[in-house]
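The values are calculated or read from the model by the stated rules, or taken from the named source; none is laboratory data. Everything numeric here is computed off the predicted structure, so don't read it as measured data. Virtual Cβ from ideal backbone geometry, glycine too; neighbours counted across all protein chains shown. Remember, those area values only see protein heavy atoms, side chains included, never the ligands or the DNA or RNA. Shrake-Rupley method; radii C 1.70, N 1.55, O 1.52, S 1.80 Å.
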Amino acid sequence: MKRIHMKRKRCIMRSIQTKFILLILGCVLLSSCVIGGAGIYNAEKVVERDSAQVMNLQCMEKTQELNALFSRIEQSVNTLAVYANSQLVSAKLLMNDAEYRKAYTEKLEEAAVNAAENTEGALAVYVRFNPETTPPTSGLFWSKTSLDGRFRKLTPTDFSGYSPEDVEHVGWYYIPVKNGKATWMSPYMNENINVQMISYVIPIYRDNVTVGVVGMDIDFNLIKDSVDTIHVYDTGYAFLTDEQANIMYHREIPARTPMDSLESSLLPVADRLRSGGIGSQLFSYEWRGHRKQMALCSLKNGMRLAITAPSSEINAAKNTLILQSSIALIVISTLAVILTILMTRRLI
């Protein structure tokens, strides 16, 4: 009887021990899963938020830098336009008196060259009169014909040789006049000195008559070099488009290529570029089989500055953090199980 009683007692103790172990292990594992899962979830959200902040901050800082450059250029051209307007006696006199037109042009030359010499990246400056009311080469045009840094007086473009619809050659005059306001022109290649340019042109009016335009050509390499300084993650970079999502500068895509003509996967990207902003979040898209994310800002000259990087690089820190958290969770849970079994057996 005594032996049977002891055997029954040991069975009861083992049953209690098993239930106690299962209860404690269940609590430990449940707590570990909840805490670990919450940690992984929060880590993922924090990394996503930080990556968006990093790329958006870079985009905004570069936008401010480029906008400051554009503002200085605008100020130079605007100052010259105000001076040209203040020195003009009347539009009628400019149209009908050749001697006055010559004297007026000579008066503007010193101010124009001085403005160009004090404007960062300026390659040419010009004041051109309305070809419908003045001779087709009237006005002034000073340009750097070589890369020696010196401005030289050149014969202005002969309007009689081009149609007003010839945007490539005389669009710099007719587009701002048609817009009726100061206009940033799209980048174009100056074949004379083999330099890509971007122009800012202001139309001049007097007595409801178009007098002409004041403009300045800027070395586009100045802007491209600034964009090239942007580096994000391992292979991230920046590029420029116009308001219609046509490439203005990209490391791999030729200029003036429509973004939505490359791949169907880029159609949403083109739409986003046209809209001009994506807020504080990153825009996800796919290109050449790789998932990418983009931050976007609008420049004051109408262009779009986009910073893009592969999702794999952006998520690398997140994946590493999740892996470390998972390993820590497994190690802690394993230790908890072992210690719980040992302590429970000793207690019971």
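So here's what we get for this one:
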{"read-out": "Members of segment 195-220 found to be more than 26 Å from the chain's Cα centre (by Cα) and not in a strand (DSSP E or B), listed by number", "value": "Asp207, Asn208"}
{"read-out": "Candidates Ala84, Ala111 - the one that is surrounded by 20 or more Cβ atoms within 10 Å (Cβ to Cβ) and part of a helix (DSSP H, G or I)", "value": "Ala84"}
{"read-out": "Residues of segment 149-179 that turn out to be among the aromatic types (Phe, Trp, Tyr) and touching a strand residue (DSSP E or B) at 6+ places or on another chain (Cβ under 6 Å), as a count", "value": "3"}
{"read-out": "The lone exception for Thr210 - which of (1) of a type in the set (S, T, N, Q); (2) open to solvent by 80 Å² or more (accessible area, probe 1.4 Å); (3) within 30 Å of Pro136 (Cβ to Cβ) it fails", "value": "(2)"}
{"read-out": "So Asp225, is it open to solvent by 50 Å² or more (accessible area, probe 1.4 Å), among the charged types (D, E, K, R), under 22 Å from Asn67 (Cα atoms) and not in a loop (DSSP other than H, G, I, E, B)", "value": "yes"}
{"read-out": "Given (1) open to solvent by less than 60 Å² (accessible area, probe 1.4 Å); (2) in contact (Cβ under 8 Å) with a residue 60 or more places away in the chain; (3) part of a loop (DSSP other than H, G, I, E, B), number of the condition Thr137 does not satisfy", "value": "(2)"}
{"read-out": "Which numbered condition Lys102 fails, given (1) under 27 Å from Leu305 (Cβ atoms); (2) open to solvent by 20 Å² or more (accessible area, probe 1.4 Å)", "value": "(1)"}
{"read-out": "Failed item in (1) open to solvent by less than 50 Å² (accessible area, probe 1.4 Å); (2) farther than 23 Å from Ser312 by Cβ; (3) assigned to a loop (DSSP other than H, G, I, E, B), with Gln244 passing the rest", "value": "(1)"}
{"read-out": "Counted residues, segment 163-194 - those being of a type in the set (A, V, I, L, M, F, W, C) and surrounded by fewer than 16 Cβ atoms within 10 Å (Cβ to Cβ)", "value": "3"}
{"read-out": "Residues of segment 58-71 satisfying the condition of being in contact with a Ser or Thr (Cβ under 7 Å, 6 or more places away or on another chain) and surrounded by fewer than 16 Cβ atoms within 10 Å (Cβ to Cβ)", "value": "Glu65"}
{"read-out": "Count of segment 310-331 residues which are surrounded by 15 or more Cβ atoms within 10 Å (Cβ to Cβ) and modelled with pLDDT of 70 or more", "value": "6"}
{"read-out": "Residue match in segment 147-162 (condition: modelled with pLDDT under 90, of a type in the set (A, V, I, L, M, F, W, C), within 28 Å of Ser226 (Cα to Cα) and not in a helix (DSSP H, G or I))", "value": "yes"}
{"read-out": "Filtered residues of segment 143-162 (kept if among the hydrophobic types (A, V, I, L, M, F, W, C) and open to solvent by 50 Å² or more (accessible area, probe 1.4 Å))", "value": "Leu147, Leu154"}
{"read-out": "Residue that is surrounded by fewer than 18 Cβ atoms within 10 Å (Cβ to Cβ) and at pLDDT below 95, where the choices are Met6, Met55", "value": "Met6"}
{"read-out": "Selection from segment 97-139 of residues that are over 16 Å from Ser86 (Cβ atoms) and small (Gly, Ala, Ser)", "value": "Ala98, Ala116, Gly121, Ala122, Ala124, Ser138, Gly139"}
{"read-out": "Test for Leu273: is it more than 18 Å from Gln58 (Cα to Cα), open to solvent by less than 20 Å² (accessible area, probe 1.4 Å), without any contact (Cβ under 8 Å) to a residue 40 or more places away in the chain and not in a strand (DSSP E or B)", "value": "no"}
{"read-out": "When residues of segment 142-183 are limited to those that are touching a residue at least 40 places away in the same chain (Cβ under 8 Å) and hydroxyl-bearing (Ser, Thr, Tyr), the one nearest to Phe129 (Cα to Cα)", "value": "Tyr173"}
